[in-house]
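Bear in mind these aren't lab numbers, they're just calculated from the coordinates by the rules spelled out. Computed from a predicted structure; not experimentally measured. Note that each Cβ is placed from the backbone with ideal geometry, even for glycine, and that neighbours are counted across all protein chains shown.
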Amino acid sequence: MKSLFLTAGALALGLMASSAATAAGGGAMPFSYSPDPGNTASLQRGARNFTAYCAACHSMKLMRYSRVGDDLNIPEEMLQANLMFNTDATGDMMMAASADGAASWFGQKPPDLSLTARARTPSWVYSYLMSFYVDAERPLGVNNTVLAGASMPHVLWELQGWQVKPDAEEGDAAADDDGHGGGSPNGLELATEGQLSPKEYQAFVGDLVNFMAYAAEPGRAGRQQLGVKVLLFLLVFTFLAYLLKKEYWRDIH
Ligand code: HEC
């Protein structure tokens with residue numbers, strides 16, 4: 001009987017560990033980010049950041065505004081006033097304001113971001129948004145260490161400021177000091193400060209990626225809560241079954 005409890009316990013721990021491992025995901029990314037699906041305030045900020053800075057070009061066509069409102073406890077008037085710029089119908093999908101226009105401006109159609117946080121992992125998206133830098137050789141004057149040759153402009157430059165890649169010699173010198181080129185894990189240095197401090201910018205991007213991870217799997221928070229309840233139920237049930245078995249066999253032994 002004891003071994004049954006141990007097995008159940010080990011199983012529960014194993015499940016938790018594996019979900020943590022999946023959440024961390026992302027291999028050789030310069031930054032890692034684990035979403036926090038239970039943090040509604042962060043998701044609300046992330047939804048606002050997304051609609052304000054990304055929805056002009058990127059759609060989330062698998063997501064309805066009304067679902068975002070329901071899941072994140074955003075009342076309908078607030079949803080319409082703060083998050084919906086293309087439409088008044090809360091039942092609409094989150095379509096981009098100008099995806100076709102953007103395709104002709106940037107040479108590449110901005111991809112739909114409904115599933116990106118799942119396909120690429122949250123750490124990848126976080127790292128990508130951290131890693132734009134000034135590069136005079138690119139058409140828009142900007143490049144990205146995570147997605148080399150990216151055709152997306154650095155839309156958050158006012159907030160982050162401009163990063164540069166320290167040139168090879170300087171980079172080598174710096175690498176002797178602290179193990180990597182610049183001050184940041186992606187080897188970039190902040191040359192011009194933005195409106196946000198580096199810490200505030202990290203929090204801004206964190207909320208944004210948290211929202212994208214939620215949107216890629218809206219049922220996740222609910223599923224995890226259900227999983228915990230099921231495990232608790234199984235533990236209690238096992239205990240009751242054990243008591244019952246003891247009761248049945250009492251007179252026989
Ligand atoms: C001005 C239009 C525009 C805006 C605004 C914009 N993007 Fe993009 N984005 C693009 C284009 C174009 C690409 C394609 C880049 C490429 O593949 O070279 C892209 C690519 C991406 C990718 C890579 C997707 C993939 O799987 O390759 C991500 C992630 C992304 N954008 C996130 C964002 C986020 C988050 C915001 C808001 C902070 C944002 N974008 C705002 C135009 C835009």
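If we sort 214-227, 78-91 on the protection proxy, mean other Cβ atoms within 10 Å, highest first, what's the order?
214-227, 78-91
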Region 186-231 versus region 120-139: alpha-carbon centroid distance in Å: 16
- prompt: Do you know the relative contact order of region 37-89, to the nearest whole percent, from alpha carbon pairs under 8 angstrom that are 6+ apart?
  reply: 42
